[in-house]
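Here's the structure we're looking at; comments come further down.
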Amino acid sequence: MKVAVISKAGGEFEFVERPVPEPGAGQVRIKVEACGICHSDVLVKEGYWPGIVYPRVPGHEVAGRIDAVGAGAGSFKVGDKVGVGWYGGKCGECENCQRGIFILCTNGGITGISHDGGYAEYMVVPHDSVAKMPEELSAAEAAPLMCAGITTFNALRHSGAKAGDVVAVQGIGGLGHLGVQYARKMGFETVAIGRGADKAALVKELGAHHYIDYGVSDPAAELQKLGGAKMILATAPNTDAISAIVGGLAIDGTLLIVAAPGGNIAVSPLALISGRKSVKGWPSGTNKDSEDTLRFSALQGVAAKIERFPFAQVKEAYERAMSGKARFRVVLTMV
């Protein structure tokens, strides 16, 4: 089989031929059909994540079919359509996760970081990292749901907002365009916040009831005209844009951050205290959360907008994703 491997921190992608691996106890082998390229793959490519052992195959937005099953691999069987994301079923249980240091996971590891990921024709993973995928989802469109999808879906459903509440999604990119769809399908009065009049038609297509162009109006003031947001999902890594929307929260509202900007956001303690407002973060979820995301997406018609690249163009695909020129998600296709 062919894999696209990084041999050292800061190295380039290299295509290497390896024997197709055999699954051990508690593992399954997946014939990869598609793998999304996530911005966080830079952590492997450039060596920003502590303790990575190279060479390493990145990729944690995987869709494919089970090709072989090791002993004690649960109910999975050959031919099952599945996905693989960041975390396994035991994520959150080890001491480091309990201390909030999930990057130092010691309980099964993280796909594409602790063990090889989906930039490959085949991969072997622990069975509790695998999510069953509905047949009606295409592999290429479902792959981004294993990270961008689960992150926004899981954050929204655990936000405390109820059907009918005003929920805003800041950013309409790879995460935000899915967040808008999920918010609408969950029954929220959905507000999309972006920049540029050209996005108005897009967000309506995605299901938003309202669009706020923060290039021409104050998003916090516009949200208050709607009664304030019960929850604002921050999906674009722009510290100024995130800081500017805190004032749009309703009493008892929550700013829920899933983006990872490099700097700090500015939040007035007085504004939090006077309105009983809060700021929280949300990372992703387990394989069971991924299964919920996939089922909901299939039932409600939520789909990722993607740009496809053949596996042979992994370098070009990665550069496209990291350049910011890709409007939504970039996906490698193996078949």
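The values are calculated or read from the model by the stated rules, or taken from the named source; none is laboratory data. Fair warning: this is a prediction, and the values are worked out from it, not measured in the lab. Here the Cβ positions follow ideal geometry from the backbone for every residue, glycine too, while neighbour counts run over all protein chains shown. Ligands, DNA and RNA are excluded from the accessible area calculation, which covers all protein heavy atoms including side chains. Shrake-Rupley method; radii C 1.70, N 1.55, O 1.52, S 1.80 Å.
Taking Lys and Arg as +1 and Asp and Glu as -1, the other residues whose beta-carbon sits under 14 Å from that of residue 244 total -3.
The charge dipole of the range 168-258, taken about its Cα centre with unit charges on the Cβ of Lys, Arg, Asp and Glu (plus for the first two, minus for the last two), comes to roughly 220 debye. A simple charge model with +1 on the Cβ of Lys and Arg, -1 on the Cβ of Asp and Glu and nothing else charged puts the dipole of the chain at about 400 debye relative to its Cα centre. Checking the Cα-Cα distances for 132/305; 185/280; 2/305; 2/45; 288/325; 162/288 against a 29 Å cut-off, the pairs over it are 288/325. Over the range 214-304, accessible surface divided per residue gives 46 Å², non-protein components excluded, 1.4 Å probe.
Loop-located trypsin sites (Lys or Arg not before Pro) in the range 173-206 (DSSP state other than H, G, I, E, B) with a sparse environment of at most 14 neighbouring Cβ atoms within 10 Å are absent. When both the range 15-40 and the range 240-268 are represented by their alpha-carbon centers, they are found 37 Å apart.
Relative to the longest principal axis of the Cα atoms of the chain, the long axis of helix 176-185 makes an angle of roughly 70 degrees. Normalised by residue number, the volume inside the convex hull of the Cα atoms of the chain is 128 Å³ per residue. If the cut-off is a Cα-Cα distance under 15 Å, which aspartates and glutamates reach residue 315, setting aside same-chain residues fewer than 8 apart in sequence? Partners within reach: 12, 14, 41, 46, 307.
When the helices of the chain are scored as -39500 (n - 2.57) per DSSP H run of n ≥ 4 and the total is divided over every residue, the value at 222 nm lands at -6500 deg cm²/dmol.
Beta bridges per DSSP, both residues in the chain: antiparallel share near 50 percent. Against the criterion of solvent-accessible heavy-atom surface with a 1.4 angstrom probe, 323, 217 sort, most first, into 323, 217.
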